[in-house]
Amino acid sequence: LEIRVLERLVTLAVDSWKAGGGEFPERTADWAIAELAQRLLEVGRAAEVIDRLLSASELPFPVQRKRELRRGAAVLCSDRVNNGERAIAPFQALLEEEPAGGVGSSIVQRLAALLEERDRHAELTDLWEKQAVARAKGDDRAGAAALWTRAASIAEERLKDRDGALSGNRNGAQHDSEESLEALARLYDATGDPKRVAHAYLQEVAGTPPEA
């Protein structure tokens, strides 16, 4: 169908849906929105697609479909119109709603790359910490350990945040990360107190966080 026909079909389907037309206009609107977006992309009108997808996400679709539409708009911001800055906030909002699985799992790496490119390391640390919590809730101890360790590394190396590094590595160690244990020993060793280093190891292995 031509773009103008699809635009008219979207309008008619949405109006019918809002007027209580039932399931058919909802399905028709969803299909027409997707088809129109594809046609517009084919002719280089990505910025218009972004606005249309965000507008569609305000319609009374199921929650998961709303998230998919917002994800689609954010991905286009990042990939097609070279506006990664605009994509960050929608990605972050989607992950707040759904940290693991579904739409959330499909955008984590995209968001991490956007934050890294812009040296937004505090937000990147927060991202990995929240992802670590989500992995732990899903009984993925190895995944949680790796993400806690990653967050701690960023806190230490990029933010120069010793307390943040200690906190992240404590959590990593409690999820059986040897790398976090080694980092804790090194961080405590920097204080010049070898007894504290040994104490940290014992407490972490026992699952009791040492005092900062």
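The values are calculated or read from the model by the stated rules, or taken from the named source; none is laboratory data. All values derive from a computational prediction rather than experimental measurement. Cβ sites come from the backbone with ideal geometry, for glycine too, and all protein chains shown count toward neighbours. Note: accessible area is taken over every heavy atom of the protein model, side chains too, but ligands, DNA and RNA are not part of it. Shrake-Rupley method; radii C 1.70, N 1.55, O 1.52, S 1.80 Å.
Note on Lys66: aspartates and glutamates with a C-alpha under 19 Å away, same-chain residues under 8 apart excluded, are Asp15, Glu23, Glu26, Asp30, Glu35, Glu48, Asp51, Glu58, Glu96, Glu97, Glu98.
Pairs of Cα atoms under 8 Å, at least six residues apart: use those to get the relative contact order of region 37-77, whole percent. Walk me through the numbers before you get to the answer.
Numbers: 32 pairs, mean separation 16.1, N = 41.
It rounds to 39 percent for region 37-77.
Label separation (Glu35 vs Arg141): 5.3 nm, computed from points 7 Å beyond Cα along the C-beta direction. Once the other residues with Cβ under 13 Å from the Cβ of Trp31 are scored (Lys, Arg +1; Asp, Glu -1), what is the net sum? Surrounding charge for Trp31 is -1.
In order along region 112-129, the phi-based Karplus estimate (6.51 cos²θ - 1.76 cosθ + 1.60, θ = phi - 60°) of 3J(HN,Hα) comes to 4, 5, 5, 5, 4, 4, 9, 6, 8, 6, 5, 5, 5, 4, 4, 4, 5, 5 Hz; Gly and Pro are listed as x. Dipole magnitude for the chain: computed about the Cα centre from +1 point charges on Lys and Arg Cβ and -1 point charges on Asp and Glu Cβ, it is near 400 debye. Computed over the alpha-carbon pairs of the chain, the distance histogram in 10 Å steps reads 8, 26, 24, 17, 12, 8, 3, 0 percent, short to long.
Using a Förster distance of 22 angstrom, determine the FRET efficiency expected from the C-beta separation of Asp126 and Asn82, and round it to 0.05. All intermediate terms of the calculation are to be shown ahead of the outcome.
Working: r = 25 Å, r/R0 = 1.14.
Efficiency, from the Cβ-Cβ distance: 0.30.
Couplings 3J(HN,Hα) for region 51-65, derived from phi with the Karplus relation 6.51 cos²θ - 1.76 cosθ + 1.60 (θ = phi - 60°), are 5, 5, 5, 5, 5, 5, 5, 8, 6, x, 6, x, 3, 5, 5 Hz, where x marks Gly and Pro.
With the helix formula -39500 (n - 2.57) applied to DSSP H stretches of n ≥ 4, the chain reaches a computed 222 nm mean residue ellipticity of -25000 deg cm²/dmol. For region 33-164, carbon and sulfur atoms together expose 48% of the accessible surface, with a 1.4 angstrom probe and every protein chain in place. Of the whole protein surface, Val5 contributes about 60 Å² of accessible area at a 1.4 Å probe radius.
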